[in-house]
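Down below is the structure, laid out as C-alpha cells.
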Amino acid sequence: MKVLDAEFVKGYMRMANDGWLEGWHERNGGNLSYRIKKEEVESIKEDLDMSGEWREIGTTVPKLAGEFFLVTGSGKYFRNVIINPEDSICIIEIDETGAKYRICWGLVNGGKPTSELPSHLMNHEVKIAAKGDSYRVIYHCHPANTIALTFVLPLTSEAFTRELWEMATECPVVFPEGIGVVPWMVPGGRDIAVATSELMKEYDVAIWAHHGMFAAGQDFDLTFGLMHTVEKAAEILVKVRSMQPYKTQTIKPDEFRQLAHDFNVTLPEKFLYEKQV
Ligand code: 13P
Ligand code: ZN
C-alpha cells in the first residue's frame with residue numbers, strides 16, 4: 001500500500017489540520033508524532049526507502065529501537081500538511097541503539113524531523129514504560145489561552161490542575177491525573193525533553209511556560225480531545241479572569257470528591273486543597 005492510502009496517515013493528517021483550524025499552529029508552530037503499529041509498518045513497507053542515512057536524534061531512546069514514527073518536519077507548517085503531506089511530514093525509523101534515526105518516507109524537498117524530536121521520542125519512551133504498548137500519539141501545539149495563563153498562574157502542577165479542573169465539570173474526568181508544568185526553558189533540545197518526559201511519567205499533559213503544551217494519548221481522537229479540553233478550560237479561565245479579579249463561586253473540593261466517586265476516577269488529594277474561590 002502507498003503511505004498516503006493508509007488509514008493511520010489519513011487520521012494523522014486530519015488531526016494536524018484540526019489543530020491548524022483551532023489556531024494552535026501559527027507559522028511552523030507545533031509538531032505531531034505517531035508511533036506506527038507493526039502491522040501498519042508492514043502494510044506500507046513497499047513505499048518505504050530503507051537506504052537513508054542514519055542521523056543523531058540528540059538523545060537516546062533505547063526502548064524505541066526499531067520503531068517507526070510518523071512526524072512533522074522541522075520548519076513545516078501544519079496548514080500545509082493536508083495539501084502537501086510528502087513535503088511536510090515524514091516516516092522515520094529508530095536504529096537498534098536508540099541514538100539515531102533515518103528518514104524512510106516524506107520530506108521530499110529535504111529537511112529533517114521536528115526540532116522537538118527528543119521531547120517526542122522521550123515522551124513516547126516514558127509512556128511505553130508507564131502504560132505498555134497502548135500510547136501512540138504525542139502532540140505539541142501553541143494554544144493561546146493556555147500560554148496566557150502561564151503569565152499569571154503559579155507555574156505549578158497544583159495551580160494549573162486545580163484552576164482548570166474548576167473550569168468545566170468534565171475536566172477532572174478527562175484528566176484525573178492532573179497537568180504537569182515545565183518552567184520556561186530553551187526549546188528544541190535534550191534538557192527540555194528530559195524535564196517534559198519526567199512529568200509524562202505522571203501526567204498526560206505538560207504545559208511549557210510561555211510556549212505551549214504537550215499531550216499524550218492512545219490515539220488521535222483521545223490526544224486531540226485532551227488538548228482541546230485543556231485549552232477550552234483555559235479559555236474559560238481567561239474569560240472569568242477578564243470579568244473580575246476573583247470568582248464568586250466555584251466547584252469545591254468535596255464536590256470534586258463526589259464527582260470522582262460517581263464517575264469512578266481517582267483524583268489525587270494533593271489537588272483538593274482548601275483555597276479561596
Ligand atoms: P519545528 O518546526 O522544528 O517542529 O518547531 C516548532 C515548535 O513548535 C518548536 O517548539
Ligand atoms: Zn513549540
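The values are calculated or read from the model by the stated rules, or taken from the named source; none is laboratory data. What you see is a predicted model; the values in this text were computed from it and never measured. Every residue, glycine among them, receives a Cβ derived from its backbone with ideal geometry; neighbour counts consider all protein chains shown.
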Contacts under 8 angstrom Cβ, first residue in region 249-261 being over 15 Å from LEU164 (Cβ atoms), partner surrounded by fewer than 15 Cβ atoms within 10 Å (Cβ to Cβ) and among the aliphatic types (A, V, I, L, M), 6 or more apart | GLN249/VAL277
Here are some conditions: (1) on the phi > 0 side of the Ramachandran plot; (2) within 16 Å of ligand 2 (Cβ to nearest atom). GLY178 meets all but one. Which one does it not meet?
-> (2)
Mind checking which residues of region 189-204 are over 20 Å from LEU164 (Cα atoms) and either within 13 Å of ligand 2 (Cβ to nearest atom) or touching a strand residue (DSSP E or B) at 6+ places or on another chain (Cβ under 7 Å) (or both)?
-> GLY189, ILE192, ALA193, ALA195
Is it the case that HIS124 is within 16 Å of ligand 2 (Cβ to nearest atom), buried (at least 16 other Cβ atoms within 10 Å of the Cβ) and more than 25 Å from PHE271 (Cβ to Cβ)?
-> no
Options ILE147, ILE207; residue that is within 13 Å of ligand 2 (Cβ to nearest atom) and surrounded by fewer than 23 Cβ atoms within 10 Å (Cβ to Cβ) = ILE147
Does MET243 satisfy the condition of being out of contact with any Ser or Thr (no Cβ under 7 Å at 6 or more places or on another chain), surrounded by fewer than 14 Cβ atoms within 10 Å (Cβ to Cβ) and more than 27 Å from ASP133 (Cβ to Cβ)?
-> yes
Of GLY188, GLY212, GLY225, GLY180, the only residue that is away from ligand 1 (no atom under 16 Å from the Cβ), under 27 Å from GLY58 (Cβ atoms) and under 15 Å from the mean Cα position of the chain (by Cα) is GLY180
Return the only residue of SER119, SER115 being within 15 Å of THR196 (Cβ to Cβ), crowded, with 22+ Cβ neighbours inside 10 Å, within 16 Å of ligand 2 (Cβ to nearest atom) and modelled with pLDDT of 95 or more.
-> SER119
Does MET1 fit the bill of being exposed (fewer than 14 other Cβ atoms within 10 Å of the Cβ) and away from ligand 1 (no atom under 16 Å from the Cβ)?
-> no
Is one or more of the residues making up region 24-38 surrounded by 19 or more Cβ atoms within 10 Å (Cβ to Cβ), within 16 Å of ligand 1 (Cβ to nearest atom) and among the acidic types (Asp, Glu)?
-> no
